[in-house]
Amino acid sequence: MGGLASLFLTFTGVDPTAAALAQAAPPTRSVRVVKGDTLEAIAARQGVSVEDLIRLNRITSPEELQIGQELKLPASKAMVQVGAGDTFKALASRHGTTVAALTKANPGVKPDQLQVGTWLRLPPATAKPKPKAQAQAKPEAKPQPAPPARAAAQPPAPAPANPPVAQPADPPPAPQAPQKVEPVRWKFYGNTLVDWGGWKLHDGGVRVTLVQPTAAELGPVRSRAAAVAVHCNSLRQGWLVDGVWEPWGVPEPRSVAQKIVLDLCGNLTDPAGPAIPPPAAP
């Protein structure tokens, strides 16, 4: 059969030697296992994958490697097989190298006697110099059209005779003053108001100021009082109820009335007080 096959190939015009070389497998590589080797270590050292080592060597138990065991390695990617019409120049151009580097990597191969099917080593690829970027000519600045002529200035419109007054959108609410008098400053004692900025010092150490009492703090009678008088020497107190001064009396301890007496006697200012005749000092 071998003779008939060669005769057939010769008759059809195909060189049997070239055809055999074209079908040749790439050169095989192998490595021997040394002490401490693992598949992962061998794969990393040889630049191959663990999966390729297992497949090529039909390994079923990777942990049972034997020292001295020979393992097949996958064909190097830095190999190329010569095809019909290939030359060193064509191969160097196709694989990004030079003829000189390709010749140096294959010292036993004559460039003018290449055989189809021969395997050649490829040298490390050399980086091609990047072409220098040509300086781009700057586009000429286009003349900008002249701005349109401004319209003649118009005289300002005359101001209205009675311009509207701007009103605030949300005016703040006005403070609510007590109903009876217009106080300067009021002070709360519970719900009872004392004109703190309008008291007056009279003869005998009597101090008088306006009040707006409530029944909750002072009872139903004194809730009608319009003013209060205090005597700081004796800490007594009198109320102007329905236009008549009540007799002087000592307020109950810790009451609103006592608090008013103590605070008024501690106030050292003397503003213009109400024009109310004070009671005689006790």
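The values are calculated or read from the model by the stated rules, or taken from the named source; none is laboratory data. It should be emphasised that the depicted structure is a prediction, and the values quoted were computed from it without experimental measurement. Every residue, glycine among them, receives a Cβ derived from its backbone with ideal geometry; neighbour counts consider all protein chains shown.
The residues on offer are Pro107, Pro173, and the sole one that is modelled with pLDDT under 80 and in a loop (DSSP other than H, G, I, E, B) is Pro173.
Let's see how each residue does on (1) closer than 24 Å to Thr118 by Cα; (2) modelled with pLDDT of 85 or more; (3) in a loop (DSSP other than H, G, I, E, B):
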site: Leu7; (1), (2), (3): yes, no, no
site: Thr10; (1), (2), (3): yes, no, no
site: Val31; (1), (2), (3): yes, yes, no
site: Ile42; (1), (2), (3): no, yes, no
site: Val48; (1), (2), (3): yes, no, yes
site: Arg55; (1), (2), (3): no, yes, no
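Of Pro253, Pro220, Pro247, all but one fail to be under 21 Å from Gly204 (Cα atoms) and either surrounded by fewer than 18 Cβ atoms within 10 Å (Cβ to Cβ) or modelled with pLDDT of 90 or more (or both); the exception is Pro247. Yes or no: region 64-71 includes at least one residue that is modelled with pLDDT of 85 or more, at positive phi, among the small types (Gly, Ala, Ser) and assigned to a loop (DSSP other than H, G, I, E, B). Yes, because at least one residue in region 64-71 is modelled with pLDDT of 85 or more, at positive phi, among the small types (Gly, Ala, Ser) and assigned to a loop (DSSP other than H, G, I, E, B). Filtered by the rule that a residue be touching a residue at least 24 places away in the same chain (Cβ under 8 Å) and exposed (fewer than 15 other Cβ atoms within 10 Å of the Cβ), region 76-86 gives Ala78, Met79, Gly83, Ala84.
Looking across region 265-282, the residues that are farther than 14 Å from Val228 by Cβ and either at pLDDT below 70 or touching a Gly at 6+ places or on another chain (Cβ under 6 Å) (or both) come down to Leu268, Thr269, Asp270, Pro271, Ala272, Ala275, Ala281.
Scan region 41-55 for residues that are surrounded by 12 or more Cβ atoms within 10 Å (Cβ to Cβ), closer than 17 Å to Gly68 by Cα and not β-branched (Val, Ile, Thr) and the total you get is 4. I'm trying to understand the selection: among the residues of region 87-123, which are at positive phi and in contact (Cβ under 8 Å) with a residue 60 or more places away in the chain? The one that is at positive phi and in contact (Cβ under 8 Å) with a residue 60 or more places away in the chain: Gly117.
Of everything in region 223-245 that is farther than 14 Å from Thr209 by Cα and polar (S, T, N, Q), the residue that is nearest to the chain's Cα centre (by Cα) is Ser223. Scanning region 84-115 for residues that are among the small types (Gly, Ala, Ser) and within 30 Å of Glu51 (Cα to Cα) returns Gly96, Ala105. When residues in region 206-253 are screened for being in a loop (DSSP other than H, G, I, E, B) and among the polar types (S, T, N, Q), 4 of them pass.
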